[in-house]
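To keep things clear, I will list the structure first and then write my remarks on it.
The values are calculated or read from the model by the stated rules, or taken from the named source; none is laboratory data. What you see is a predicted model, and the numbers here were worked out from it, not measured in a lab. Positions of Cβ are backbone-derived with ideal geometry, glycine not excepted, and every protein chain shown enters the neighbour counts.
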Amino acid sequence: MSTNRLGVGIVGMGGIGTMHARALRELEGRVQLVTYSSARPATDDELAGWPAAHLEPDDVIRHPDVGVVAICSPSGTHAALALAALEAGRHVVVEKPLALDVADALRVERAARERGLSVSTISQRRFEAEHVALATALADGALGDVRLATTHVHWFRDDDYYRAAGWRSTSEQGGGSLMNQGVHNVDLLRWLCGPVESVTAQSGTLAHPIDTEDTTVATVRFASGALGVVTTTTATPPGFPATIAVYGSRGSVELGQGEVRRWDVPGVPAPASGAIASGAADPLAIGHAGHLAQWTRIVSALETSSPVPVGIDEAVETVRLLCAIHDAAATGAVVRPADLGAVRTPVA
């Protein structure tokens with residue numbers, strides 16, 4: 001391998017792993033996909049033409065030419081694999097979420113800091129043009145004081161989707177509409193509107209024979225005093241593009257996936273609608289443009305010893321919010337994300 005290229009190993013060459021391989025192919029002069037793991041050898045198309053070696057996960061992590069491990073395996077394995085990669089001296093890129101438990105997320109954070117290594121959690125929707133424009137408008141005060149923020153992920157998954165991978169059906173492995181489908185929009189809401197003070201929630205299993213929720217509704221109180229609503233589901237055929245809206249004292253914005261639905265921001269022109277595909281009915285319809293945007297920034301950060309995008313601090317706080325919503329739905333209590341951190345399901 002050329003020594004001036006960053007060596008990458010992918011753990012989990014399923015549909016999402018393929019998105020990473022395609023994104024990396026567009027950065028070919030700066031990176032090389034060295035190796036990958038999967039239950040079967042991947043096709044040339046799945047590997048985007050990379051001549052990568054098919055190895056066991058431990059061998060991918062410890063391969064001498066791998067400097068970054070991309071974790072694309074089922075959600076319940078993310079924290080343990082991230083810890084293993086950090087202990088082996090590798091930087092980590094991990095698909096959402098970083099962990100299913102706040103305590104496990106904090107273990108990953110501690111390991112990264114102790115070893116001086118980077119962890120970037122894939123949150124590719126932060127890099128979509130309309131979300132960048134909204135974040136800038138909020139930072140500049142163009143919307144005034146935020147009063148209300150909402151996000152709705154009203155998707156559909158049929159029973160075959162759950163039968164195809166058992167982990168999708170259990171909360172212990174990261175299944176459910178909140179942790180698996182809603183995670184990106186929950187991350188966006190927290191990123192755009194700031195820290196969350198407290199949440200309440202309800203959830204139900206309304207359409208699928210699974211051992212976790214397929215519908216969750218939460219209310220959010222931000223540290224700023226603004227209020228918010230989060231709804232996620234996989235029980236609404238045919239599935240609809242996810243939305244996010246922010247209403248301030250001076251203006252308001254409503255965004256779909258690649259679509260500017262409303263942009264009432266005094267003095268700030270609306271960004272053009274993008275061409276982002278929605279995973280409303282097909283989880284692999286999203287394409288790899290978002291992954292490419294984040295990988296481009298990751299590679300630049302590692303080349304210059306700069307902070308990676310969506311680093312460990314951000315990843316931990318999104319896990320806190322997801323777990324707070326889950327706990328609020330399970331208990332009926334008002335839950336403060338900042339209070340979470342006790343061990344529930346230790347990493348094996």
Could you list, in sequence order, all residues of segment 303-313 that are touching a residue at least 24 places away in the same chain (Cβ under 8 Å) and surrounded by fewer than 19 Cβ atoms within 10 Å (Cβ to Cβ)?
E303, P307, G311, D313
Cross-chain or 6+ apart pairs with Cβ under 7 Å, segment 218-239 first and under 15 Å from V183 (Cα atoms) and assigned by TED's automatic domain parsing to the domain that holds H326, then among the charged types (D, E, K, R) and at pLDDT 95 or above:
T233/D214; T234/R157; T234/D214
Might you check whether a residue that is modelled with pLDDT of 95 or more, under 18 Å from the mean Cα position of the chain (by Cα), assigned to a loop (DSSP other than H, G, I, E, B) and buried (at least 23 other Cβ atoms within 10 Å of the Cβ) occurs anywhere in segment 54-66?
no
Every residue from segment 68-115 that is assigned to a helix (DSSP H, G or I), over 18 Å from P57 (Cβ atoms) and touching a helix residue (DSSP H, G or I) at 6+ places or on another chain (Cβ under 7 Å)
V102, A105, L106, R107, E109, A112, R115
Would you please list the contacts, defined by Cβ atoms under 8 Å and residues six or more apart or on different chains, that run from a residue in segment 19-43 that is buried (at least 19 other Cβ atoms within 10 Å of the Cβ) to a residue that is of a type in the set (K, R)?
V31/R5; Q32/R5; L33/R25
Go through segment 1-40 and report how many residues are farther than 16 Å from C72 by Cβ and part of a loop (DSSP other than H, G, I, E, B).
10
Residue satisfying condition, being at pLDDT below 95, of a type in the set (A, V, I, L, M) and within 16 Å of the chain's Cα centre (by Cα), within set A272, A280, A293:
A280
